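J.: Dumping the structure here so I can ask a few things about it.
The values are calculated or read from the model by the stated rules, or taken from the named source; none is laboratory data. Please read these numbers as outputs of a predicted model, since none were measured by experiment. As a convention, Cβ positions derive from the backbone with ideal geometry for all residues, glycine included, and neighbour counts pool all protein chains shown. With ligands, DNA and RNA removed, areas are computed over all heavy atoms of the protein, side chains included. Shrake-Rupley method; radii C 1.70, N 1.55, O 1.52, S 1.80 Å.
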Amino acid sequence: MATQSAFSDRGQGRQHEAEELIARSAEDMEALFSGFFGSIEALRQDTEREESQDVDTTIAGVSSGLWTPRIERQETDEQIVLVARLPYVPRNQVRIDTDTPGRIKISGECSSSTVYQAGVDRVTERQLGQFEKDLPLPPAACVERMTAIFHGSDVVITIPKY
């Protein structure tokens with residue numbers, strides 16, 4: 001009788017562990033789908049915004065599954081303003097290149113690490129990778145007077161026009 005009770009207790013313990021594992025998996029899946037569908041909703045909203053948005057960048061970031069920085073572009077008669085959203089990219093890893101006439105290239109390397117811990121379980125997620133975005137500039141762009149300023153995880157690039 002005692003042996004049967006011990007097996008029964010062990011079985012209930014394993015069932016409880018399995019239920020906890022399923023619950024955590026369900027939470028992870030919910031977070032994954034929320035992130036995916038949130039990106040789709042953001043894409044819909046972005047395509048309804050002004051034409052100053054670089055929609056190609058947004059579409060590439062959602063559809064490819066690879067991280068591509070989001071870059072917004074606003075242009076007036078006096079200047080061009082590019083806002084590159086670069087979360088997890090240290091400032092010293094961002095490069096801005098204007099060596100090619102009529103083009104600006106923003107590149108760098110991103111890295112992030114997130115640790116999830118529940119009881120004795122510990123999971124570390126790392127995102128590593130390089131990115132590069134090459135954008136056309138109008139002939140009136142004066143890259144010699146360009147400025148780039150960081151605001152949090154955004155870099156704001158202002159290019160005056162002649």
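J.: I need the full set of residues from segment 64-101 which are part of a strand (DSSP E or B), in contact with a Gly (Cβ under 8 Å, 6 or more places away or on another chain) and either modelled with pLDDT under 90 or aliphatic (A, V, I, L, M) (or both), in order please. Walk me through how you get there before you give the answer.
T.: Initially, segment 64-101 is screened for residues part of a strand (DSSP E or B), giving 70-75, 79-85, 94-97.
From the residues that got through so far, the ones that are in contact with a Gly (Cβ under 8 Å, 6 or more places away or on another chain) too are 70, 94-95.
If the condition is that a residue be part of a strand (DSSP E or B), in contact with a Gly (Cβ under 8 Å, 6 or more places away or on another chain) and either modelled with pLDDT under 90 or aliphatic (A, V, I, L, M) (or both), then Arg70, Val94 are the ones that fit.
J.: Please work out which residue is least open to solvent (accessible area, probe 1.4 Å), limiting yourself to segment 113-162 and to residues that are among the aromatic types (Phe, Trp, Tyr) and touching an Asp or Glu at 6+ places or on another chain (Cβ under 8 Å). It would help to see each step written out before you state the result.
T.: Step one: filter segment 113-162 for residues among the aromatic types (Phe, Trp, Tyr), giving 116, 131, 150, 162.
Subset that is touching an Asp or Glu at 6+ places or on another chain (Cβ under 8 Å): 116, 131.
Numbers: Tyr116: 116, Phe131: 13 Å².
This residue is Phe131.
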